[in-house]
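**Q** First the structure, which I've put down as structure tokens, then a few questions once you've had a look.
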Amino acid sequence: MTFDYDDQNIFAKILRGEIPNNTVFENDHALAFRDINPQAAVHILVIPKGAYVSIDDFAANASAAEQAGFFAAVATVCASGVDEGFRAIANTRTHGVQEVPHFHMHIVGGEQLGRMLPA
Ligand code: DGP
């Protein structure tokens, strides 16, 4: 599997400061911001600052420091407002209906969620 990164994707533009965002947390390796189209009371996106297309690209190719920084950001986001539970989603490529080709983890919660997939 090869991963071709398009640096014109919307999250790359957010990381470059070309498009505004509602940041909730940032560290050296990750940015967390509110989804523009929230699906629940809490809907935050956590993205690495590095150029990774998808979760499998990130898992295979990101450095240990990048992975630690990313998951530190996930931990910080999840420590605020989703104590009753949440869903972490990484939509990936065509079958996963990924719209933005920069790895992002949705943290969705703050209310009772429906089933993950239709029964
Ligand atoms: P996905 O299908 O997993 O690629 O979801 C992409 C998400 O990104 C979707 O929930 C809407 C969100 N999104 C798209 N464009 C923007 C934007 O410009 N700003 C913010 N904050 N979110 C965006």
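**Q** Full extension from residue 9 to residue 41: what is 0.36 nm times the residue separation minus their Cα-Cα distance, to one decimal in nm?
**A** Between residue 9 and residue 41, full extension yields an extra 8.9 nm.
**Q** Kirkwood hydrodynamic radius, segment 19-119, all distinct C-alpha pairs: what's the number in Å?
**A** It is 14.0 Å.
**Q** Please report, in debye to the nearest 20, how large the charge dipole of the chain is about its Cα centre when each Lys and Arg carries +1 at its beta carbon and each Asp and Glu carries -1 there.
**A** In total the dipole reaches around 180 debye.
**Q** Mind checking the full-extension length gain between residue 26 and residue 91? Use 0.36 nm per residue of separation minus the Cα-Cα distance, one decimal, nm.
**A** Extending this stretch completely gives an extra 21.2 nm.
**Q** May I pose another question? Given a 1.4 angstrom probe, what's the average accessible area per residue across segment 54-104, in square angstrom?
**A** 55 Å²
**Q** Taking all protein chains in place and a 1.4 Å probe, what share, in percent, of the accessible surface of the chain do carbon and sulfur account for?
**A** Using a 1.4 Å probe with all protein chains present, the chain comes out at 52 percent carbon and sulfur.
**Q** If you don't mind, another one. Specify the angular offset, from 0 to 90 degrees and rounded to the nearest 10, of the alpha carbon long axis of helix 64-78 from the longest principal axis of the alpha carbons in the chain.
**A** 20 degrees
**Q** Using the Cα centre of the chain as origin and beta-carbon charges of +1 (Lys, Arg) and -1 (Asp, Glu), tell me which of 73, 117, 102 is placed farthest towards the positive end of the dipole.
**A** 117
**Q** Starting from the Cα-Cα distance between residue 113 and residue 56, subtract it from 0.36 nm times their residue separation and give me the gain in nm to one decimal.
**A** Here the answer is 18.0 nm.
**Q** Name the residues whose placed amide hydrogens come within less than 5 Å of the amide hydrogen of residue 25, ignoring near sequence neighbours (fewer than 5 apart) on the same chain.
**A** Residues meeting the criterion, in which the H sits 1.01 Å from N, are 32.
**Q** Under 8 Å for C-alpha pairs, at least 6 residues apart: give me the relative contact order for the chain, rounded to a whole percent.
**A** Value for the chain: 30 percent.
The values are calculated or read from the model by the stated rules, or taken from the named source; none is laboratory data. Every value quoted in this text rests on a predicted model; they were computed, and no experiment measured them. FYI the Cβ positions are ideal-geometry reconstructions off the backbone, even for glycines, and counts take in every protein chain you see. With ligands, DNA and RNA removed, areas are computed over all heavy atoms of the protein, side chains included. Shrake-Rupley method; radii C 1.70, N 1.55, O 1.52, S 1.80 Å.
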